[in-house]
1. Of (1) closer than 24 Å to Asp134 by Cα; (2) touching a helix residue (DSSP H, G or I) at 6+ places or on another chain (Cβ under 6 Å), Tyr185 satisfies all except one. Which?
2. Please specify each residue of the range 74-85 satisfying the condition of being under 17 Å from Gly28 (Cα atoms) and either polar (S, T, N, Q) or open to solvent by less than 10 Å² (accessible area, probe 1.4 Å) (or both).
3. Quick check on Gly38: is it open to solvent by 20 Å² or more (accessible area, probe 1.4 Å) and farther than 30 Å from Ala224 by Cβ?
4. Closer than 30 Å to Phe81 by Cβ and touching a strand residue (DSSP E or B) at 6+ places or on another chain (Cβ under 8 Å): is that true of Ser274 in this structure?
5. Looking only at the range 96-132, count how many residues are small (Gly, Ala, Ser), open to solvent by 10 Å² or more (accessible area, probe 1.4 Å) and in contact with a helix residue (DSSP H, G or I) (Cβ under 8 Å, 6 or more places away or on another chain).
6. Out of the residues in the range 266-310 meeting the condition of being open to solvent by 50 Å² or more (accessible area, probe 1.4 Å) and either under 18 Å from Lys95 (Cα atoms) or β-branched (Val, Ile, Thr) (or both), tell me which one is farthest from the chain's Cα centre (by Cα).
7. Looking at Leu23, is it outside any loop (DSSP other than H, G, I, E, B), at pLDDT 95 or above and open to solvent by 20 Å² or more (accessible area, probe 1.4 Å)?
8. Tell me whether the range 311-332 contains one or more residues that are farther than 22 Å from Met130 by Cβ and within 13 Å of the chain's Cα centre (by Cα).
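The values are calculated or read from the model by the stated rules, or taken from the named source; none is laboratory data. If you're wondering where the values come from, they're calculated on a predicted model, not measured in any experiment. Heads up, the Cβs are rebuilt from the backbone with ideal geometry, glycines too, and the neighbour counts pull from every protein chain shown. Accessible surface is based on the protein model in full, side chains and every heavy atom, while ligands, DNA and RNA are left aside. Shrake-Rupley method; radii C 1.70, N 1.55, O 1.52, S 1.80 Å.
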Amino acid sequence: MQKFTSSHVNAARYIHEQNIHILVEWDGYARQGERAQGLFALRPAPLQMLHQEYLGTSGALYVDYIFSDLISTPPETQRLFTEKIIYMPNHFFSKGHAYQVEVKQPTVAYAPKSPVYVHGTGSPQENRCMAPPDSGPERPSFVYCNFNKFLKNNPETLRSWVRILREVPGSMLCLLEYPKEGIPYLRKFVHEAAGTSDNNSDFESFQAADGDELNTRIHFLPWARNPFDHQMRNQDFCNVMLDNYPYNGHTVAQDALYGGVPIVTRSDGLDMSSRVTTSANIVLDIPAMNAYNGTKEYEEIAIRIGTDSKFYNSVREKIIASALQRNPMHPYWDVARYVKNFEFGLKVAWERFVNGERPDHIYVKETEAAARGTYDEEILAHDKDGQHRQRRQHESLNDDPGDNPATDDGLDEL
């Protein structure tokens with residue numbers, strides 16, 4: 001297919017010639033037009049679906065289904081979709097972190113800090129978002145993070161981050177240079193948002209307040225080209241991720257969660273893209289991270305978890321336990337279980353087509369085999385790297401944080 005990326009007509013002809021039954025689209029309107037557009041409009045396959053990358057309706061009559069779950073897309077929002085919805089159990093977003101040997105498993109204890117930063121070493125308090133020694137707290141009380149693109153930020157969310165930093169003394173906010181060119185504008189916004197003005201049209205009435213001080217507590221990590229290195233930095237630099245609204249972190253959020261990083265998210269919207277983390281937190285049994293009442297509650301949760309070490313540790317340890325759970329794996333991280341459910345949805349949709357029935361909403365019910373979950377012997381049977389993964393899992397489960405000198409999470413003073 002690679003040779004057809006510049007021609008949607010040739011790609012459609014090739015797909016049709018291969019007698020593909022179901023065509024699944026990831027990009028939707030994403031990727032800034034990098035892929036050939038117009039492919040789905042030519043209807044090269046009898047059934048066409050959206051899955052994961054573009055989280056919203058296509059608005060197109062040539063897309064039959066979209067995958068979601070009951071939390072991310074409540075039934076009352078079905079009327080907003082041109083597609084019918086295939087409702088997945090647990091969580092609709094696929095993630096392979098627990099299966100990939102390249103992905104570092106989370107640990108309760110932090111590895112000793114290296115004099116020069118090395119992936120997988122140091123705590124967020126020690127690494128300080130790689131800030132210069134003369135900028136920001138010498139040892140932050142708490143480190144919030146967000147590694148999404150700047151284009152997901154909006155004034156409302158940034159103002160919340162300003163208030164959160166202000167209410168958690170000594171805290172820092174660690175962001176990603178994404179893009180680097182946007183940093184001056186973000187800092188300018190923080191400076192202005194922290195201040196006050198009697199008249200927005202009168203610059204002379206502006207009072208700067210603490211914007212400059214807050215900017216010394218906001219720092220930026222350089223882009224990491226290796227996605228596994230980038231994922232590893234979550235545990236090294238983040239205590240808690242502050243989610244975006246109304247377009248959540250999606251893949252970024254999964255990376256954070258598998259690093260043992262709780263995510264505070266707003267849950268008051270109905271957009272599919274704004275509810276992905278809400279659904280994740282429910283499956284992971286940490287609904288206290290969901291702000292159902294909007295901005296004020298979002299800030300309150302973020303402030304509480306940044307100042308209550310007992311609360312923070314309990315949430316973090318629950319996330320880490322889910323990532324390390326074995327025999328069976330936790331449903332959130334169990335991609336083999338996910339695949340069984342995904343295939344079941346495809347099968348039901350295809351059977352409807354073969355029977356001459358129009359597409360309709362599908363509620364995937366787990367089979368007994370899927371609901372059993374995945375055990376080590378299944379991984380070993382299907383993956384030549386499974387033995388390595390199994391060994392790493394058991395080593396992590398048998399680690400005793402009490403025997404590790406790197407157990408200080410930097411929150412004892414809270």
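1. Among (1) closer than 24 Å to Asp134 by Cα; (2) touching a helix residue (DSSP H, G or I) at 6+ places or on another chain (Cβ under 6 Å), the lone unmet condition for Tyr185 is (2).
2. Thr82, Glu83, Ile85
3. Numbers: open to solvent by 20 Å² or more (accessible area, probe 1.4 Å): yes; farther than 30 Å from Ala224 by Cβ: yes.
Here the answer is yes, as Gly38 does meet what is asked.
4. On the way: closer than 30 Å to Phe81 by Cβ: yes; touching a strand residue (DSSP E or B) at 6+ places or on another chain (Cβ under 8 Å): yes.
Answer is yes for this residue.
5. Residues meeting the conditions: 3.
6. Only one residue tops the list, namely Thr307.
7. Working: outside any loop (DSSP other than H, G, I, E, B): yes; at pLDDT 95 or above: yes; open to solvent by 20 Å² or more (accessible area, probe 1.4 Å): yes.
Here the answer is yes, as Leu23 does meet what is asked.
8. Among the residues of the range 311-332, at least one is farther than 22 Å from Met130 by Cβ and within 13 Å of the chain's Cα centre (by Cα), which makes the answer yes.
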